[in-house]
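Structure record follows, encoded as structure tokens.
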Amino acid sequence: MVRLVALLLLMLGNGVVDAKTKETGKPRNHPKMSLPALGRTLSSFSIPFLFAGDDSASSVIPFTRAGNLILLQARADTTLGNFILDTGAQNLVLNLTYFRDYPKTRDSGAQRTSVTGSTAGVSKTVVKNFTLGTLRYNRLKADLTSLGHLENTKGVKILGLLGMELFRQCEMIIDYERSLIYLHQIGKKEADTYRSAFLRDTSTYHNIPIDLKDNRIIAHTEMAGKKIDFIIDCGAETNILDSRLPNKVFENVEITGRVLLSGTGNRKIEALRGDMKNVRFGTQDIPSLPVLITSLENTCFSYNGCINGVLGFDFLAVNNNKIGFNFVRRELYIWK
């Protein structure tokens, strides 16, 4: 079933809204703290992301797939295993099953939301050392939540979700055909100049501007003369279109059926399935995209109504080709 797992459970179920927390980077040479002290001062000392040094770093990371979800090997302190690449999540999310002994704080002002509703309060912790390929992160703040429903659906052990906070200083190229991810941590001196070898021939790909807002990738599109803003979510197994959009937009959607979506609990809701026609993405025209149609009002993607949908696997892996992001330059690359 389409993102009844990532757009339901993940995007939807495990994505976290935390409007109150504004994190800023700090120098790396913090005084060492004991675990009890860490638990008492989690929000003031945890850093959203911090690499091990100022130099750039590159990794080529193989991935496997659970359905349409990308699984990468990463290490949180001493625990090594599968993490889902989920740019729909704002930061690192850890599966409570395997990290329940970590010190926790409770943020009652944050919510975990899904298509079927929301639950108040989010547990947070800090990972002392996190490793992904050659990239190193120190004192990384993370959300704690149960991902058991996702493990049961996919039949694989999942330690957590790799959210956008980890990649803000990176160029990322996903090669679906070869099951490889090329990650480059962009150093300060190369912020304006670095380009992967894949990007040297500009005639082979489209270069499309994107925005980053609250650790979400925002793509601006147009359909039927209406501007439509999508979140790009590598953890979504399908595309989503908000059912609250004007009727003029849905005149360009051909309905093909109905599906049931599951959220964070046992409740299910019905959604329409269809094909979205005549979408313009930057300078590229996309004749048709498969979508699910449901209300995003109660999801972590709602943004008070300013986000109109989600672009997931059905968009990212067109023809099993490559897609790339430069999060420093705010650029998206779609190969022709």
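The values are calculated or read from the model by the stated rules, or taken from the named source; none is laboratory data. Just so you know, these numbers come straight off a predicted model, no measurement behind them. Neighbour counts are summed over all protein chains in view; Cβ atoms, including those assigned to glycine, are modelled from backbone coordinates with ideal geometry. What goes into the accessible areas is simple: the full protein's heavy atoms, side chains included, and nothing from ligands, DNA or RNA. Shrake-Rupley method; radii C 1.70, N 1.55, O 1.52, S 1.80 Å.
When you scan the range 128-164, how many residues do you find that are within 19 Å of the chain's Cα centre (by Cα), assigned to a strand (DSSP E or B) and not basic (Lys, Arg)? Number satisfying all stated conditions: 13. Screening residue 191 with (1) more than 23 Å from residue 318 (Cβ to Cβ); (2) open to solvent by 70 Å² or more (accessible area, probe 1.4 Å); (3) touching a residue at least 40 places away in the same chain (Cβ under 8 Å) gives one miss only, at (2).
If the condition is being in contact with a strand residue (DSSP E or B) (Cβ under 7 Å, 6 or more places away or on another chain), closer than 17 Å to residue 69 by Cα and not in a strand (DSSP E or B), then the range 311-336 contributes 314, 315, 316, 321. Which condition number in (1) in contact (Cβ under 8 Å) with a residue 24 or more places away in the chain; (2) open to solvent by 20 Å² or more (accessible area, probe 1.4 Å) is the one that residue 164 fails? Unmet condition: (2).
A quick yes/no check of all residues on (1) surrounded by fewer than 21 Cβ atoms within 10 Å (Cβ to Cβ); (2) closer than 19 Å to residue 334 by Cα:
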position	(1), (2)
195	yes, yes
210	yes, yes
219	yes, yes
237	no, yes
240	no, no
244	yes, no
251	yes, no
283	yes, yes
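In this structure, residue 159 does not satisfy being more than 17 Å from residue 311 (Cα to Cα), modelled with pLDDT of 95 or more, surrounded by 14 or more Cβ atoms within 10 Å (Cβ to Cβ) and out of contact with any Ser or Thr (no Cβ under 9 Å at 6 or more places or on another chain).
Among what's in the range 97-117 and is modelled with pLDDT of 95 or more and crowded, with 18+ Cβ neighbours inside 10 Å, pick the residue that is nearest to residue 173 (Cα to Cα). If we take residues in the range 97-117 being modelled with pLDDT of 95 or more and crowded, with 18+ Cβ neighbours inside 10 Å, then 99 is nearest to residue 173 (Cα to Cα).
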